[in-house]
Amino acid sequence: MDVVKAKLNLIKEYNYTWAPIDKGYNNRTLYINVGDGIISEKPVSNEMKEKFVGGKGFGLRLLWDGTKPNTRWNDPENEIVISGGPVCGITQYSGTGKSLLVTISPQTDSVMDSNVGGFFGPFLKFAGFDALELQGKADKDVIIYIDGKNHTIKIYEDPGFAKDSHILAEELTEVFAENEKDAKNIGIVSTGAAAEHSLLGMLNFTFYDVKRKKTRLKQAGRGGLGTVMRDKRIKAIVAHIEGVKGNLNNVADLEAIQERGSRYNKEIRDLDDTQCQMRKKGTANIVNVMNDYDLLPTHNFKYGSHMDGIKIHSDILRDKYFTLGIPDGCWIGCSMSCSKGVDDFELKTGPYQGQKVIVDGPEYETAAGLGSNLGIFDYDAIIEANFYCDTYGICTITWGTVVAFIMECYENGILNKERTGGLELKFGNKEAALELLHQLARGEGFGMVAGMGVHRMKAYFVEHFGADATFLNDIGMENKGLEYSQYVSKESLAQQGGYAMTNKGPQHDEAWLIFMDMVNNQLPTFEAKAEALHYFPMFRTWFGLQGFCKLPWNDVVPVGNKDTAEPHKIPEHVDNYVTIYNAVTGNNIDKEELIRQSERVYNFQRIFNIRRGYGLRKNDAQPYRAAGPVTQEEYLSRQERYDKQLQELQGMDPKTMTLEEKMAATRKYREGRYEQLLDAVYTRRGWTLNGVPKVEHLKDLGMDLPELMSIIEPLQ
């Protein structure tokens, strides 16, 4: 590394004047154009803070201003914007290290946002900036270095660092940290080899594990952010600060934050072990719960459970794989410690075969996506694929749904060994699944086809293999070009809306309503579903404006929560969030204004998509498998359930019907219900029945900006 460091060629340097953060804001953002070398600062106005708050809001506003309606993902003017929000970086409450990224997506051609933990977001803020705006294309690979110690921004030519994130992160830490103790003051953004060959690339954000003395990774996974960064020839971004201490956000009322943080920490200590065991299992704690409730995606979302599901029970991760007793938070001060890791995992395949590595995860989405959805019920194989997805820069959620689609196509004769280059991509074939991933990283073979994603593969299979387009559209689990995350939504109409009505595509971070709707029957009417599909996407959007992680909200709940008027909202925690936001900023909002803050940004993003030619009712259509059984074997696997619904909900006698008639009737009913749901939700959100925000609704929110009104007024 000393030799590599000596080869660092400085291309551009920019000096700035640092100032302390004021109540959660630096009141300026950083702009870097890697094409023409321009580095500058932009002021953050009070109006910007009032209407866009921070985090995703700042990112969307900067992306809007930096792009045109016809900007493509690989145009130089496309941007990646990273922003944390006013609360991001406090250390007295759990889950406050999140940052949000936005870009024009290679997968969807619309506006993508993705949240991520790790150190970079807070460190960018401590270095002096509320957001980082990246634009342009370099003519060679570059490293961006944000030096918050000496208050300089430097762009270096890449001297030959490794491509893959697990090595690159260690190399950059060694080069830029002054000594081993200083490693904890480095935050890095990077991707890997596969991001260069696909539309599915994700970004890794590092956090330094002081107990293990290792650099670890969290992912901004969705929508191809890593692909955009590599298209810009940005190899990595490094933020370096003096260190983290007490109150770098210079909050308005530190005592109030400390009190709520202390209260929450006690909840975690007292209750986590009898609730979700986040500190022992992380988010994977629900693998077996989903299997028990027929919600665990299996064989490309055909089924919600499998007899082999017991083989990936979360207890196995806790008892055999995860290292316990280590503070596993991806941000300082997070007592949830859910970022579990597998230490000294020996790789069996690929370029790092035989090496022992730390694997971050698997999270629930990874265990389901790379496991049950592929018919692979083997944690060794899941963890190996988890590692390679991470270091290669591929989203595990997306990849799981992509490979599941390929496997179903293979089993239906659309694909064969000749077409896949010799890979027998049947459900359960873990060796073939891993080799497909390695091919993508090498930029060769059928891996390159997989790297297009489900949306483009559907058209490719029709054109090249004569596949039935209707069948592919039914089983291809994507909406807006983004692959589904890993829950079976067939029996939850509200969750179908929570997936397909998202601004960016089907990701569970907007609304997870399966238990409220399907298990607990708390949403019996369209009006109740619509209210939930208004409140929860807005509430969860708020986390992304501020720099909060959503997990501490509902993955441990206070004693007595079930006896509150709205237990599904966790009212004590909502009050915590309102209190903390006010204590950071000195503002005085209530829980209703919390929702309105999100509504402003959410509607802005909807109109941003409309500006790009999307964001209408037709774009909220879902693949039929998200709503019901596509194939005969699917129907027959749950025949008792479907026959009972025909009788009780539709007044039909299944005994007098053929299987084809029953399937057709089920489909008509379920598709009709989804259309009714769209009507109800659009009405509740203040939109037209075509999904366009109404003029009067924008006026009520104070978002009747001329640039927005000019887009929506002709569509009223």
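Values for this structure:
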quantity	calculated
Relative exposure of M307, M48, judged by other C-beta atoms within 10 Å (fewest first)	M307, M48
Burial ranking of peptide ranges 62-75, 235-248 (average Cβ count within 10 Å, highest at the top)	235-248, 62-75
Segment 105-246 - share of DSSP beta bridges that are antiparallel (%, nearest 5)	75
Computed over segment 254-483: relative contact order in percent, which uses C-alpha pairs under 8 Å that are six or more apart	15
Extension reserve of the K211-E593 stretch, reckoned as 0.36 nm per residue once the Cα distance is removed	133.5 nm
Ordering of 104-112, 280-288, 347-355 by packing [mean C-beta count within 10 Å, highest first]	104-112, 280-288, 347-355
Fully extended contour minus Cα-Cα distance, from E180 to I11, at 0.36 nm per residue	58.1 nm
Estimated 222 nm signal from helices in the chain, with DSSP H stretches of n ≥ 4 weighted -39500 (n - 2.57), rounded to 500	-11500 deg cm²/dmol
Relative contact order (%) - criterion: Cα under 8 Å, at least six apart; region: segment 493-715	23
Listed candidates [x] 37, 30, 26; [y] 43, 38, 29; [z] 51, 27, 21 - label of the one calculated as semi-axes √(5λ) of the Cα gyration tensor in Å	[x]
By average C-beta atoms within 10 angstrom, highest first, the peptides 567-578, 89-100	89-100, 567-578
Percentage relative contact order, the chain, counting C-alpha pairs under 8 Å, at least six apart	14
Cβ-defined net charge surrounding N609, 13 Å radius [Lys, Arg +1; Asp, Glu -1]	+4
Pairwise label distance in nanometres, E444 with N150, each label 7 Å out on the Cα-Cβ vector	4.3
Distance (nanometres) between label positions extended 7 Å along Cα→Cβ at S637 and N473	2.4
Sequence of K302, K618 once ranked by neighbouring C-beta atoms within 10 Å, starting from the fewest	K618, K302
Sites Q522 and E411, calculated FRET efficiency, Cβ-Cβ separation with R0 35 Å, nearest 0.05	0.40
Estimated FRET transfer efficiency when R0 is 35 angstrom, pair E671-D292 (beta carbons, to 0.05)	0.80
Theoretical gain in end-to-end length, V4 to L689 [0.36 nm per residue, Cα-Cα removed]	240.7 nm
Ascending count of other beta-carbon atoms within 10 Å, so fewest first, for H438, H508	H438, H508
Pairwise FRET efficiency - K356 versus K320, Cβ, R0 = 22 Å, nearest 0.05	0.85
Pairs from K154/K348; K98/K591; K302/K550 whose Cα-Cα separation, in the structure shown, is over 32 Å	K154/K348
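Bear in mind that the values in this text are calculations on the coordinates, not laboratory data. Just so you know, these numbers come straight off a predicted model, no measurement behind them. Virtual Cβ from ideal backbone geometry, glycine too; neighbours counted across all protein chains shown.
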